[in-house]
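Single-structure report; data block below.
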Amino acid sequence: MSVLDLARPEIRTLQPYSSARMEAGGGQIMLNANESAWEPTGDAGLGCNRYPDPQPDALLQSLAALYGVRREQLFVGRGSDEAIDLLVRAFCRAGEDAVLIQPPTFGMYAVSARIQNAAVIEVALAADFCLDVHALLAAVTPAVKLVFLCTPNNPSGKSIPRADIELLAKALAGKALVVVDEAYVEFSDQRSVVDLIERYENLAVLRTLSKAWALAGARIGSLLAGPEVIALIRRIMPPYPLPMPCVAAALAELSPSGQAMARENMAIVREQRTIMRKALARLPCVREVLPSDANFLAVRFDDAGTVYLRLLQAGIVVRDIRRYPTLQDALRITIGTPEENARVLTVLNKEST
Ligand SMILES: *Cc1c(COP(=O)(O)O)cnc(C)c1O
C-alpha cells in the first residue's frame, strides 16, 4: 500500500494544467505565453513581464538546504496556508472524508477542511495542553485522511515530543497522512522532525518563512514530504504560485548575511521570551503564563477583557484567544523588540496598581 492510496482517486488520475512556462523555457524570443514583451516600470530588473517559474530552482535549492531535504521532497507555496489547503483538497473527498485536529490549535486546518466539505474530528488537548496520543488514535476512523499536529502549538506554545509524533506516524501507516506543522520550530529547543520523512511515507512537515524568517508579507511556505506526496501536490498547485518579488525577497533572506541577521533576531526573541515570561508572571493581574517554545506567550489574566482594552488604548494590539474553551481568560502576546515588550510591561504594571 502506498500513501497515494489515501488520496482522492480523481486527483491521482487528474491531467494537470500544463502552463506555457512549464512546456518550454530558455528561448531567446519568448512568444508562447501571451506576455508583454516590455518590462514593467519599477520592478528592479526582475522581469515581471514574464510568468514566474512555478517552483524556481534557486529557491528550491536554498530551502532544501535550509530544511535538510532533497528537492523532490519539497513543495513551495504561498505560505503554509496554501500547503494546508492543497493537502486537504488532495486527500479529502467532499462529504466523505475527514481531518483530525487537537483544539485549541491553529484555525486554518478546520477552515480548509470546511471549504472542502470534509468533516473535522476534534480530540481536545489535555488540561496541560499535552497531546493524548492514545485518545487521538482511538478517534481515528476510516474517514480520517489527514491528522494535523501543530508543534510548537499555536496558541498554547507547547511542543509535541518527537517520540509521540513517530509513534503516530507508525500507528497510522496506510491509514492517514500525519501533517506536522512546525511554523514556530525555529524558536524551540526541540529539533524538527523533518528527518523522519525518510522513514515514514505518511509523514509530512510544514515550514514557513513567515515567522522566524521575517517574511510574513512575502507568503513563502513549504511542504516537506516523500516524493510521491510532493508530486501529487504539484499536480494541483496553481500554475504560478510564487510571485517573482516574493522569491527575490526569500533568496535575500536566505543569503548568508540574511540568515545571520535572522538568527540574531531569533536569539533575541528567545531571550525576550524568558524575560517576559518572568516579568508577566510577577504581575498581580496575571494568573499564569503558559510555558512556550514559540515566539509568543499565552497569558491568563484575572480580567483578560479589560487588559485587552487597556493595551489597545495604549496602542498595543495582542490576540484575544478567549474564544478557545480552555483559554477563556487568556490573551496571546507576540514577542516584539525589547522596547515593545517593555511597553507592554509598563502598561500592565499600571493596570495592576
Ligand atoms: C502562522 C502560522 C501558519 C501560517 O503560515 P504561513 O506560512 O504564513 O501561511 C501556519 N501554521 C501555524 C501554526 C501558524 O501559527
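Descriptive notes on the structure:
- Computed [θ] at 222 nm, helices only, for the chain once each DSSP H run of length n ≥ 4 contributes -39500 (n - 2.57): -11000 deg cm²/dmol
- For the range 258-352, averaging the sequence separation of C-alpha pairs within contact (under 8 Å, six or more residues apart) and dividing by the residue count gives a relative contact order of 28 percent.
- Anisotropy class of the range 258-352 from Cα gyration tensor, a/c 1.5 cut: prolate
- Sequence-separation-based contact order of the range 102-147, relative, with Cα cut under 8 Å and 6+ spacing, percent: 34
- Build a GNM of the chain with springs between Cα atoms under 10 Å apart, and of ASN154, ASN341, ASN295 the one that fluctuates most is ASN341.
Taken together, the values in this text are just the output of simple stated rules run on the coordinates, not laboratory data. Remember, predicted model here, so these are calculated numbers, not experimental data.
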